[in-house]
Every structure is written in C-alpha cells, then in structure tokens.
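Worksheet for the structure shown next.
The values are calculated or read from the model by the stated rules, or taken from the named source; none is laboratory data. Keep in mind the model is a prediction, meaning the values are calculated, not measured. Cβ atoms come from the backbone with ideal geometry, glycine included; neighbour counts cover every protein chain shown. Side chains included, ligands, DNA and RNA excluded: accessible areas come from the protein's heavy atoms. Shrake-Rupley method; radii C 1.70, N 1.55, O 1.52, S 1.80 Å.
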Amino acid sequence: MSIRIGDICPNFSAATTQGKITFHDWIGDSWAFFFSHPADFTPVCTTEMGMTAKLSQEFAKRNVKPLGLSTDTVEAHNTWILDVNDTQNTTLDFPIVADKDLKISMLYDMIHGAESLTATVRSVFIIDPLKKIRLTMTYPMTVGRNFDEILRVIDALQMGDQYKIATPADWRPGDEVIIPPSISNEAAKDIFPQGWNEIRPYLRTTKV
Ligand code: BEZ
C-alpha cells in the first residue's frame with residue numbers, strides 16, 4: 001500500500017521495546033517521527049539510532065515522539081540498544097517496533113523488493129497529532145539519513161500550521177517565509193499586518 005501525504009496513517013498494534021502499542025493511541029496529541037531501518041546490529045542503523053537518541057531533547061521540544069522499526073525481535077532490539085548506547089555514547093529512550101512478520105513494514109510500504117524481500121529500506125513518516133501523514137522520505141539502505149533535515153522539516157511544518165505560511169528552499173528558523181498564493185493581498189493584510197515584500201505577485205516574503 002502506498003502512503004501519501006495527507007492520508008491518515010494506518011493504525012496498527014505491535015510489540016516494541018517499551019511494550020505493546022497501538023499506534024494512534026501512542027501518538028496521542030503529539031507528532032510522530034516513524035522510521036524504519038534495515039536490521040539490528042548493522043553500522044549505518046546503529047549511527048541513526050544513536051543520533052535519534054542524542055536528539056531526544058530536540059524532538060521533545062517540538063512535541064515529536066520518535067518510533068523506530070526493523071524486522072527483528074524485541075529481544076534482538078534490546079540487545080542491540082546496549083550496543084547503540086555503548087558505541088554512540090547515548091541512552092536510547094524511544095521505542096523500536098519488532099516487525100519480524102513484516103506486517104507493519106508491508107502496511108507502510110517499507111519493503112522495496114529490489115533492495116530486499118525481508119528488510120526495510122529507510123522510510124520516514126512525519127505524522128501530526130491528527131494522525132495525518134505530513135511528510136514521507138525514503139532513503140536506500142546504504143545512506144544514513146540527515147537528521148538536521150528531519151528537524152528542519154518538522155520546524156517548517158509546525159511553522160506553516162501556526163502562521164499559514166510556506167517556506168522557501170533551504171529555509172531555516174528565523175529566515176523569511178513565503179505567503180502562499182492561495183492568500184490574496186486583501187486577506188494577507190489581516191494575517192500579516194507586519195507587511196511583506198512583493199518580488200512578484202506570486203512571490204511574497206515576510207517575517208513571522
Ligand atoms: C547498515 O545499516 O549499516 C546497512 C544495512 C543494510 C545494508 C547496508 C548497510
């Protein structure tokens with residue numbers, strides 16, 4: 001099943017390293033960073049798990065709960081977490097789903113057959129508190145994800161929700177933002193009383 005931006009994320013119940021969860025209930029009023037990785041005890045995955053753990057405060061500040069997944073057992077995950085903590089100098093404090101039977105991997109289209117029939121690629125789903133899929137990204141097995149980008153896109157989504165704006169290429173918090181074309185100049189006067197810079201009628205930038 002392919003999962004698209006705007007879809008409600010498929011719900012599931014699963015065993016994790018922190019007990020059984022039902023995904024929608026587990027998300028609750030938070031955002032979720034749901035990410036798959038090919039296998040336990042592999043080098044790239046170990047660095048990604050360590051990085052997610054190190055960024056725990058950054059995710060918490062944004063009201064985002066990380067949830068990992070791989071097609072290994074809870075027992076394997078728990079042993080591997082000791083290695084992650086040891087080698088990455090951190091304390092992994094988020095749950096990892098055990099998806100040995102590939103049920104959730106299939107549900108979320110994380111198995112890409114030309115890569116592997118049994119291990120997931122590096123999928124990312126950013127999900128909002130309404131359980132809506134807000135971003136998907138798919139990385140190959142051999143390329144570790146860029147966690148700056150993951151935090152940046154969460155910032156951009158949350159800023160967009162709060163201020164009804166869009167963000168330009170390479171936007172960073174504090175940079176100018178874009179007034180979407182769907183907002184007329186008349187409406188923009190109320191929403192952006194600080195004014196804006198009209199570079200083209202379709203390209204208006206402002207500070208929020
Ligand atoms: C890794 O996580 O290191 C990895 C997993 C599968 C293929 C290549 C690398």
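Whether any residue in region 51-74 is open to solvent by 60 Å² or more (accessible area, probe 1.4 Å), within 16 Å of the ligand (Cβ to nearest atom), in a helix (DSSP H, G or I) and modelled with pLDDT of 95 or more is what I want to check.
Yes: region 51-74 contains one or more residues that are open to solvent by 60 Å² or more (accessible area, probe 1.4 Å), within 16 Å of the ligand (Cβ to nearest atom), in a helix (DSSP H, G or I) and modelled with pLDDT of 95 or more.
Cβ contacts < 6 Å: first residue within 17 Å of residue 15 (Cα to Cα), restricted to region 90-114; second residue surrounded by fewer than 19 Cβ atoms within 10 Å (Cβ to Cβ) and among the aromatic types (Phe, Trp, Tyr), any location; separation 6+ or different chain. Result?
104/12
Contact list please: Cβ distance under 7 Å, first residue in region 136-149 and closer than 13 Å to residue 50 by Cα, second residue more than 14 Å from the ligand (Cβ to nearest atom) and open to solvent by less than 60 Å² (accessible area, probe 1.4 Å), pairs at least six apart or on different chains.
From residues that are closer than 13 Å to residue 50 by Cα, the pairs are 145/124; 147/55.
Just one of (1) part of a loop (DSSP other than H, G, I, E, B); (2) β-branched (Val, Ile, Thr); (3) open to solvent by 60 Å² or more (accessible area, probe 1.4 Å) trips up residue 111, so point out which.
Every listed condition holds for residue 111 apart from (3).
Does residue 106 satisfy being away from the ligand (no atom under 16 Å from the Cβ) and farther than 14 Å from residue 127 by Cβ?
Yes: the conditions hold for residue 106.
Kindly indicate the residue of region 99-123 that is over 19 Å from the mean Cα position of the chain (by Cα) and among the hydroxyl-bearing types (Ser, Thr, Tyr) and also farthest from residue 72 (Cα to Cα) among those meeting that condition.
In this case the residue turns out to be 116.
Out of all the residues in region 118-137, which are touching a strand residue (DSSP E or B) at 6+ places or on another chain (Cβ under 9 Å) and either of a type in the set (Lys, Arg) or within 14 Å of the ligand (Cβ to nearest atom) (or both)?
Matches in region 118-137: 119, 120, 121, 122, 123, 131, 132, 134.
Could you give me the residue pairs with C-beta distances under 9 Å whose first residue belongs to region 185-205 and is among the polar types (S, T, N, Q), whose second residue is surrounded by fewer than 12 Cβ atoms within 10 Å (Cβ to Cβ) wherever it lies, and which are 6+ apart or on separate chains?
Hits for this filter: 185/201; 205/197; 205/199.
Going residue by residue through region 91-99, is there one that turns out to be within 18 Å of residue 44 (Cα to Cα), open to solvent by 60 Å² or more (accessible area, probe 1.4 Å) and at pLDDT 95 or above?
Looking through region 91-99, at least one residue is within 18 Å of residue 44 (Cα to Cα), open to solvent by 60 Å² or more (accessible area, probe 1.4 Å) and at pLDDT 95 or above.
Spot the failing condition for residue 181; the list is (1) touching a residue at least 40 places away in the same chain (Cβ under 8 Å); (2) away from the ligand (no atom under 16 Å from the Cβ), and only one is missed.
Only one criterion in (1) touching a residue at least 40 places away in the same chain (Cβ under 8 Å); (2) away from the ligand (no atom under 16 Å from the Cβ) is unmet by residue 181, namely (1).
Suppose we filter region 166-185 for residues that are more than 15 Å from residue 152 (Cα to Cα) and in a loop (DSSP other than H, G, I, E, B); how many remain?
Our first condition is that a residue be more than 15 Å from residue 152 (Cα to Cα); within region 166-185, this holds for 178-185.
From what's left, in a loop (DSSP other than H, G, I, E, B): 180-184.
Summing the residues that are more than 15 Å from residue 152 (Cα to Cα) and in a loop (DSSP other than H, G, I, E, B) in region 166-185 gives 5.
Tell me, yes or no, whether region 25-44 has at least one residue that is modelled with pLDDT of 95 or more, in a helix (DSSP H, G or I), within 20 Å of residue 146 (Cα to Cα) and in the same structural domain as residue 127 (by TED's automatic domain parsing).
Yes, the conditions are met somewhere in region 25-44.
Residue-by-condition table, conditions (1) loosely packed, with under 14 Cβ neighbours inside 10 Å; (2) at positive phi; (3) within 21 Å of the chain's Cα centre (by Cα):
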position	(1), (2), (3)
158	no, no, yes
171	no, no, yes
175	yes, no, no
184	yes, no, no
189	yes, no, no
197	yes, no, no
201	yes, no, no
205	no, no, no
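Hey, among the residues in region 1-42 that are among the β-branched types (Val, Ile, Thr) and away from the ligand (no atom under 16 Å from the Cβ), which one's surrounded by the most Cβ atoms within 10 Å (Cβ to Cβ)?
Out of the qualifying residues, it is 27.
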